[in-house]
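Asks: Before I ask anything, here is the structure I am working with.
Just so it is clear, none of the values below were taken in a lab; they were calculated from the coordinates. Here the structure is a predicted model, which means the values were calculated and not measured. Cβ coordinates were reconstructed from backbone atoms using ideal geometry, including for glycine residues, and neighbour counts include every protein chain displayed.
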Amino acid sequence: MKKKTLKKKIADISVPAKEYSKAKQPQPKAISSTEFPFLAAPDLPRLMRALRRAQGFSLYFVRCNLPQMRQELSNWIKQNLAKPVIEINLHNTPPADPILAIKAAAEGAPEKAVLFVMGLEYWLTELNAERQRETIRALNWRRNELARINRPLVFIVPEFTIPLLAEGAPDFWDWHSGLYEFAIPKQEKFTMMVQDGIQDTSINNLTEEQKRERILLLNQILDEYAGPTELEKRKSAEIRYQLGQLYSSLGHYDKALKAFQEALKIQEKKNKKGIAACLNEIGEIYLARANYDMALKYLKESLQIRREIGDRAGEGATLNNMATAAYARGDYDTALRYLEESLAIQREIGDRAGMIPTLHNMAHIFWQNQQIEEAVKSFSEALQLALETQNALGMYNVSRDLGLLLCQLGDTEHGLPLLRQAVQIGRAMGAPDVEEVEALLRRFAGK
Amino acid sequence: MLAAFSGQIRSGSTRKIEIRRELEKELTVFISRLNELIDDVQIQLKKKGWQGLVAIVDGLEKMHYRIQPDGQSTHSELFVQHAEQLKSPHCHILYTVPISLLFNVNLGDSFAETDVIPMVKIQEHGTKKSYRPGVDALYEIVVKRVEMEAIFDQHGDVKRLIQASGGSVRDLMRLLRFACDETDTKINRAHVEHAIQRLVREYDRLVRDEDLEGLKQIAATQQIPGDETSGRLLHHRLVLEYVNDDRWADLHPAVRECPRVKKALKSPKDTHSK
């Protein structure tokens, strides 16, 4: 099989990676969107009507995953709602009990006041299972205490808190009059990279056409290993695993899921490494489909096995993927913790390929937390590693997102070449979201 | 003793464990003291011409559901294993129990009677024809809360909301609020449909992939199989239970509209194991 990978393509583009770390320090306020992306959300007028009409106790949930956007939204409503708004940030009030904190803040509130509660996610983060359990239980059992406040109560929360409340505190949740959702603006959506923790990165460097050829070939070979012997089974599992990876990289998640599940089924019991790898891949597919509960279920199973057998690279990779799930649901504290753990392992064992996604993902969290300096630094290190290890997939992801960040900061001089590089690599490897990158490039280049 | 406990029961979790341990040790003492108190109250009541005492213990249905290390759920631990203690006070007692429990174990063995407060029946079992008395009753509830003429374009829109609620009053109220969120003036059919879509989205969150098989089965049989998962389905109102001549169940209309459920209901394959 002739392998003409994308490697050549990468080498052709000279990326002055070092310059980015020295790039003029961007001002955080430059990124703070002054145009309020949530103004276009269909749920905003609904929420405003509900709040204008609300009297006495009623319970509302506003779902928004970006911390900064939650604050902006709260500020905007405060200015535009003709009622007094009292904002309570539970993050700032530990170690008090959240219900007591809300009650204290509501004390002496004007009759028409609406209470905004932020920071409930702090009490519900996975990092502290005991606190999470106690908080959920308290909300369910002591909902009457909140009702006695006799004012409308608006919880502004990230996604991960919603299923926890709906399932864990059904009686509390049952009282809600409405859930209002504010999606993340499209351009913020390129996000995290997943990783498999398998040292073979050859698939990452294939073009789309090569991937299709390989799929065809593997499917043919598969028939030859349909027999019942151990060897045939092992081979068949391996092939299916590869097929799954190929399908997954092309965005064919149904086919990929099927391939991994079949691989898992015929995998020998003693091949723990292979089993863990399959579980991790299945977790990734659920991540791609935004089914985070299922994703975490598989990832945790994978993590446990990888820890058991001392597969350090695998452990780092799965931790990284778990961070992606936490991040997507807006639990940034947990996400960052997993990533730090992952990066420490990868640095220790010198897993440079594994560090690319981890650094990339950390950069995203810094970005969301408005720590722009750290974000650029992490992205730059990831870019440098992608260049050194000739990793096309890493190159694509990092140059796409760092390019976007720099362009948003007004540094199109460095941002545009990165976006261009991303488009070029993305097209060649058949990345599912390359059209969006093209649109971004047009937007920033057109100015 | 009672007063001393209730004062402390809300403080810290380790304290709670201590209290619980203490209670279990002294349970018989506790119950006999409680009965002394109740007996005394009964005598006082009879003197005043009352027949007796009924205690309503509300809120136990909110009990945390967890499978214990011994494989038993916290629910059945209390209501089955400790049924004798629950029945020991010298008066009539009404407990509210988690609905899931009714299907997991035979509560009838331990307790005199179990009653289910079903959803309001709005359609006939089997024929799916609208059931007037149920619909009218829900209509009355809406009329009592809003000025119908001022808010709705046509009465048919209210009927549509009622149908979408599946006979759950809580969901009907939520749908009503959702419809009101849509407009500053009168609610029309489009607003009503938007409101229903919002409810569908909320239920879509609660449906797990592993629920699909069970939902499919219930949609087909209109009966609730007695296993762990159906408890969850009932608890979150993904499945609604109705009682008239017989007991039957169906998917919440909003659950029926969830894309994944729709797809699963259409697919002919009956089993699809992992």
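Asks: With the contact rule set at Cα under 8 Å and sequence spacing of 6 or more, what percent relative contact order holds for region A:209-275?
Replies: Numbers: 57 pairs, mean separation 18.3, N = 67.
Relative contact order, region A:209-275: 27 percent.
Asks: Once you've got the GNM for chain A with C-alpha springs shorter than 10 Å, pick whichever of A:Gln242, A:Gln304, A:Gln261 has the biggest mean-square fluctuation.
Replies: A:Gln304
Asks: A 25 angstrom limit on the alpha carbon distance is what I want to check against. Which of B:Lys121/B:Lys144; A:Lys103/B:Lys25; A:Lys300/B:Lys216; B:Lys121/B:Lys159; B:Lys159/B:Lys263 exceed it? It would help to have the intermediate numbers written out before the result.
Replies: Working: B:Lys121/B:Lys144 20 Å; A:Lys103/B:Lys25 36 Å; A:Lys300/B:Lys216 29 Å; B:Lys121/B:Lys159 14 Å; B:Lys159/B:Lys263 27 Å.
As for pairs spanning more than 25 Å Cα to Cα, those are A:Lys103/B:Lys25; A:Lys300/B:Lys216; B:Lys159/B:Lys263.
Asks: Compute the relative contact order of region A:101-173 as a whole-number percentage, counting only Cα pairs closer than 8 Å that sit 6 or more residues apart in sequence.
Replies: Here the relative contact order equals 41 percent.
Asks: Then there is this: Return the FRET efficiency for the residue pair A:Asn80, B:Arg33: r is the Cβ-Cβ distance, R0 is 56 Å, and the value is rounded to the nearest 0.05.
Replies: Numbers: r = 59 Å, r/R0 = 1.05.
After rounding to 0.05, the efficiency reads 0.45.
Asks: Please state the relative contact order of chain B as a whole percent: Cα pairs under 8 Å, 6+ residues apart?
Replies: Relative contact order for chain B comes out at 14 percent.
Asks: Here's something else I'd like to know. Suppose R0 equals 30 Å. What FRET efficiency, 1/(1 + (r/R0)^6) with r the Cβ-Cβ distance, do A:Met48 and A:Asp433 give to the nearest 0.05?
Replies: The formula returns an efficiency of 0.35 here.
Asks: Using the Cα centre of region A:37-184 as the reference point, and only Cβ charges (+1 on K/R, -1 on D/E), how large is the resulting charge dipole? Debye, rounded to the nearest 20.
Replies: Dipole of region A:37-184, to the nearest 20 debye: 580 debye.
Asks: Starting from the Kirkwood Rh over alpha-carbon pairs, what translational D in µm² s⁻¹ does region A:37-184 have by Stokes-Einstein at 25 °C and 0.890 mPa s? The partial results should precede the final answer.
Replies: Values: Rh = 15.3 Å.
The calculation lands on 160 µm²/s.
Asks: Write down the radius of gyration of chain A and its Dmax, each obtained from C-alpha positions, in Å.
Replies: 24.0, 77
Asks: Of the GluC sites (Glu not before Pro) in region A:197-284, which ones lie in a loop per DSSP and count no more than 11 other C-beta atoms within 10 Å? Display every interim value, and only then the final one.
Replies: On the way: sites: A:Glu208, A:Glu209, A:Glu213, A:Glu224, A:Glu230, A:Glu232, A:Glu238, A:Glu262, A:Glu268, A:Glu281, A:Glu284; in loops: A:Glu268.
Listed in order of number, the matching sites amount to none.
Asks: Need the C-alpha centroid separation for region A:384-447 versus region A:96-122, integer Å.
Replies: With region A:384-447 and region A:96-122 each reduced to a Cα centre, they are spaced 44 Å.
Asks: Placing unit charges on C-beta atoms (Lys and Arg positive, Asp and Glu negative, everything else neutral), compute the dipole magnitude of the protein assembly as shown about its Cα centre in debye, rounded to 20.
Replies: On the way: 101 positive and 98 negative charges, 240 e Å.
Result for the protein assembly as shown is approximately 1160 debye, rounded to the nearest 20.
Asks: Need one number: % antiparallel among DSSP beta bridges in chain B, to the nearest 5.
Replies: Antiparallel: roughly 60 percent of the beta bridges in chain B.
Asks: Could I ask something else about it? Using a 10 angstrom cutoff on alpha carbons, build the Gaussian network for chain B and name the most mobile of B:Pro69, B:Pro133, B:Pro89.
Replies: Comparing B:Pro69, B:Pro133, B:Pro89 in the GNM, the peak value goes to B:Pro69.
Asks: Within the set of other residues whose C-beta is less than 9 Å from the C-beta of B:Gln123, count the net charge using Lys and Arg as +1 and Asp and Glu as -1. Please list the in-between numbers first.
Replies: Numbers: positive: B:Lys121, B:Lys128, B:Lys129; negative: B:Glu124, B:Asp250.
Result for the neighbourhood of B:Gln123: +1.
Asks: In the Gaussian network model of chain A, springs joining C-alpha atoms below 10 Å, which of A:Asn205, A:Asn397, A:Asn80 carries the largest mean-square fluctuation?
Replies: Evaluated over chain A, the most mobile residue of the options is A:Asn80.
Asks: Tell me, what ³J(HN,Hα) does each residue in region A:216-228 have, in order and in whole Hz, if you take phi through Karplus 6.51 cos²θ - 1.76 cosθ + 1.60 with θ = phi - 60° and put x for Gly and Pro?
Replies: Along region A:216-228, the couplings run 4, 4, 4, 4, 5, 4, 3, 4, 6, 10, 7, x, x Hz.
Asks: Taking the Cα centre of region B:118-274 as origin, work out the dipole magnitude from +1 charges on Lys and Arg Cβ and -1 charges on Asp and Glu Cβ, in debye rounded to 20.
Replies: Magnitude of the dipole: close to 320 debye.
Asks: So which of B:Lys48/B:Lys87; A:Lys269/A:Lys297; A:Lys112/B:Lys62 end up more than 27 Å apart by C-alpha?
Replies: Details: B:Lys48/B:Lys87 25 Å; A:Lys269/A:Lys297 20 Å; A:Lys112/B:Lys62 31 Å.
Listed pairs above 27 Å: A:Lys112/B:Lys62.
Asks: Under a Cβ-Cβ cut-off of 10 Å, what is the net charge of the residues other than A:Met362 that fall near it, where Lys and Arg count +1 and Asp and Glu count -1?
Replies: Within the 10 Å Cβ shell, the charges total -2.
Asks: Shifting gears a bit: Under a Cβ-Cβ cut-off of 13 Å, what is the net charge of the residues other than A:Glu230 that fall near it, where Lys and Arg count +1 and Asp and Glu count -1?
Replies: Cβ neighbours under 13 Å give a net charge of +2.
Asks: Sticking with this one: Going by Cα centres, region A:311-362 and region B:161-202 are how many Å apart?
Replies: Centre-to-centre (Cα) distance: 43 Å.
Asks: Report ³J(HN,Hα) in whole Hz for each residue of region B:19-33, in order, from the Karplus equation J = 6.51 cos²θ - 1.76 cosθ + 1.60 where θ = phi - 60°; Gly and Pro get x.
Replies: Running phi through 6.51 cos²θ - 1.76 cosθ + 1.60 with θ = phi - 60° gives 4, 4, 4, 4, 4, 4, 4, 9, 4, 5, 4, 4, 5, 5, 5 Hz.
Asks: Also, I was wondering about something else. Looking only at the protein assembly as shown, where both bridge partners belong to it, what percent of the DSSP beta bridges are antiparallel (to the nearest 5)?
Replies: Taking every DSSP beta bridge with both residues in the protein assembly as shown, the antiparallel ones total about 20 percent.
Asks: To continue, here is another question. Whose amide H sits under 5 Å from the amide H of B:Gln123, counting only residues 5 or more places off or on another chain, with H placed in the peptide plane?
Replies: Placed amide hydrogens put B:Tyr131 under 5 Å from B:Gln123.
Asks: So what is log10(I(q)/I(0)) for chain B at q = 0.12, 0.14, 0.15 1/Å, when the Debye sum runs over its Cα atoms only?
Replies: -0.93, -1.09, -1.16
Asks: Moving to a separate point now. Whole-Hz ³J(HN,Hα) for each residue in region B:182-195, computed from phi via Karplus 6.51 cos²θ - 1.76 cosθ + 1.60 with θ = phi - 60°, x for glycine and proline: what do you get?
Replies: For region B:182-195, the Karplus-derived couplings read 6, 8, 8, 10, 8, 7, 10, 4, 4, 4, 4, 5, 4, 4 Hz, x marking Gly and Pro.
Asks: Mind listing the long-range amide H neighbours of B:Ser73? Cut-off is under 5 Å, sequence gap 5 or more, other chains count too, H placed in the peptide plane at 1.01 Å from N.
Replies: Here the answer is B:Gln68, since their amide H atoms fall under 5 Å of that of B:Ser73.
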